[in-house]
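Since the structure comes first, as structure tokens, the remarks are kept for the end.
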Amino acid sequence: MRNTVIFLFLIPAFLPVFMRVSAQHRTLQLSEINIRDPYILAEQKSRTYYLYKSSPVKDDRGETRGGVEVYKSKDLAGWEGPVRVFTVPENNWITGNVWAPEVHAYKGKYYLFATLNSHIKWKKSREAWPNYLFRGTQVFYSDSPEGPFLPFGLTPHTPVDRMALDGTFWEEDATPYMIYCHEWVQIADGTVEAVELLPDLSAPAGRSTTLFCASAADWSTGSVHPEPLPVSYVTDGCFLYRTKTGKLLMIWSSFMHNEYAIGIAESVTGKVYGPWKQQQEPLFTKNGGHGMIFKTFDGKLCLTFHQPNAPGGAERARIVELEDRGHTLKLKD
């Protein structure tokens with residue numbers, strides 16, 4: 001009887017552990033996982049695919065903080081998880097929801113690029129226009145793709161006075177860069193920016209350079225607002241890829257006739273600072289976007305993105321095979 005009482009007493013203490021283990025071993029299909037801005041890391045050492053998604057959590061005081069979960073798969077079909085790999089530190093510059101988490105392997109470590117959000121109003125430049133809110137991309141590090149990811153500091157890698165989002169990683173000539181988007185809310189015509197990072201990715205090494213603006217692409221038709229507000233153009237989900245012939249391409253998302261789409265920009269010089277020109281034909285136009293590119297362990301080139309682009313839990317990750325044509329990318333039939 002005494003042993004039974006002790007066991008029952010211990011159940012509440014161990015219940016969170018049981019629940020976490022159970023969650024880790026639950027296998028789901030992509031159709032069962034609600035996710036925006038999906039990112040897949042194909043980790044060669046363990047031959048495991050990691051799918052990262054935003055996941056807020058309530059702390060001991062009942063306040064919501066941003067965070068990231070990961071699902072694991074060996075075949076891109078069944079996904080185990082989720083397992084929490086990151087929670088925004090409570091003393092961070094902002095602690096709200098995480099957008100567009102990406103994890104990049106670099107020089108023996110793993111780096112989480114996370115866009116952090118807040119409800120802190122900065123200013124408002126136009127009536128009937130969204131408020132400027134503090135938002136930016138910050139980099140965190142870990143020895144494992146499963147975290148925990150730790151901060152270098154408590155401030156963003158993007159300029160604190162800039163509504164910035166969707167930071168991604170690029171290395172060129174042994175120099176690391178962050179490529180990110182400057183939010184349309186602040187400048188109406190959103191831009192894609194590049195900033196060099198310190199060798200350990202702990203901070204920016206200089207000032208940002210504008211690569212292009214959203215309206216530079218003919219397919220990016222923008223959103224019309226009541227006068228005297230300007231037409232707004234979104235830049236989202238930038239991701240760089242070098243083709244089999246050495247061309248440097250960037251996929252990115254905006255709106256085409258009110259539907260989310262993915263287009264392709266090309267660096268004329270093959271270097272990150274460009275100049276960049278926009279390819280006429282978008283890659284995908286059926287209300288899905290914020291894509292990234294990865295290779296499977298059997299050598300297939302794939303694109304993942306969320307579709308539909310709609311609130312309310314309908315978003316799912318799609319994985320489609322790509323064809324590298326040297327000068328551009330095409331979806332395989």
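The values are calculated or read from the model by the stated rules, or taken from the named source; none is laboratory data. From a predicted model like this one, the values you see are computed outputs, not experimental measurements. Please note: Cβ atoms are built from the backbone with ideal geometry, for glycine as well, and neighbour counts cover all protein chains shown. Areas reflect the complete protein model, heavy atoms only, side chains present, ligands, DNA and RNA absent. Shrake-Rupley method; radii C 1.70, N 1.55, O 1.52, S 1.80 Å.
Brief remarks follow.
- Phi angles of region 75-89 translate, via the Karplus equation with coefficients 6.51, -1.76, 1.60 and θ = phi - 60°, into HN-Hα couplings of 9, 6, 10, x, 10, 8, x, x, 10, 6, 10, 7, 10, 4, x Hz per residue; Gly and Pro are given as x.
- The convex hull built on the alpha-carbon positions of region 31-142 has an orientation-averaged projected area of 9.2 nm².
- The aspartates and glutamates within cross-link reach of Lys45, meaning a Cα-to-Cα straight distance under 19 Å and a gap of 8 or more places when in the same chain, are Asp75, Glu80, Glu102, Asp143, Glu146, Asp298.
- In a reduced charge model with +1 at each Lys and Arg Cβ and -1 at each Asp and Glu Cβ, region 216-333 shows a dipole moment near 480 debye about its Cα centre.
- When the charge dipole of region 192-274 is built from unit charges on Cβ atoms (+1 for Lys and Arg, -1 for Asp and Glu) and taken about the Cα centre, the candidate among Ser267, Ser202, Phe239 whose Cα reaches farthest toward its positive end is Ser267.
- For region 197-270, the orientation-averaged shadow of the C-alpha convex hull comes to 7.3 nm² (one quarter of the hull surface).
- Normalised radius of gyration (Cα atoms, divided by 2.2 N^0.38 Å) for region 90-228: 1.11.
- Here the chain exposes an accessible surface that is 53 percent carbon and sulfur, computed with a 1.4 Å probe and the other protein chains kept in place.
- Those lysines that a straight Cα-Cα span of less than 25 Å connects to Lys286, excepting residues fewer than 8 apart in one chain: Lys53, Lys277, Lys295, Lys300, Lys330, Lys332
- Value of Rg/Rh across region 249-294 [Cα atoms, Kirkwood radius]: 1.01
- Folded to 0 to 90 degrees: helix 2-24 orientation relative to the chain principal axis, Cα: 20
- A straight chain from Thr210 to Arg126 at 0.36 nm per residue would run longer than the Cα-Cα distance by 27.9 nm.
- Remark on the chain: hydrodynamic radius 20.8 angstrom, per the Kirkwood mean of 1/r across alpha carbon pairs.
- Normalising by residue count, region 210-333 has a Cα convex hull of 116 Å³ per residue.
- Amide proton proximity set for Asn287, modelled H, under 5 Å, gap of 5+: Tyr260
- The charge dipole of region 145-301, taken about its Cα centre with unit charges on the Cβ atoms of Lys, Arg (+1), Asp and Glu (-1) only, comes to about 400 debye.
- For region 118-197 and region 27-54, distance of Cα centres in Å: 22
- The magnitude of the dipole of the chain, with charges of +1 and -1 set on the Cβ of Lys/Arg and Asp/Glu and taken from the Cα centre, is near 600 debye.
- Between the listed residues Pro176, Ser142, Met163, the Cα displaced farthest toward the positive end of the dipole of region 140-184, a dipole computed from Cβ unit charges relative to the Cα centre, is found at Met163.
- Largest-first ordering by accessible area, 1.4 Å probe, given options Trp99, Trp93: Trp99, Trp93
- A protection proxy built from the mean count of other Cβ atoms within 10 Å ranks the segments 319-331, 164-176, most packed first, as 164-176, 319-331.
- Each listed q (0.15 Å⁻¹) maps to a log10 I(q)/I(0) for region 90-150 from the Debye sum over equal C-alpha point scatterers, namely -0.54.
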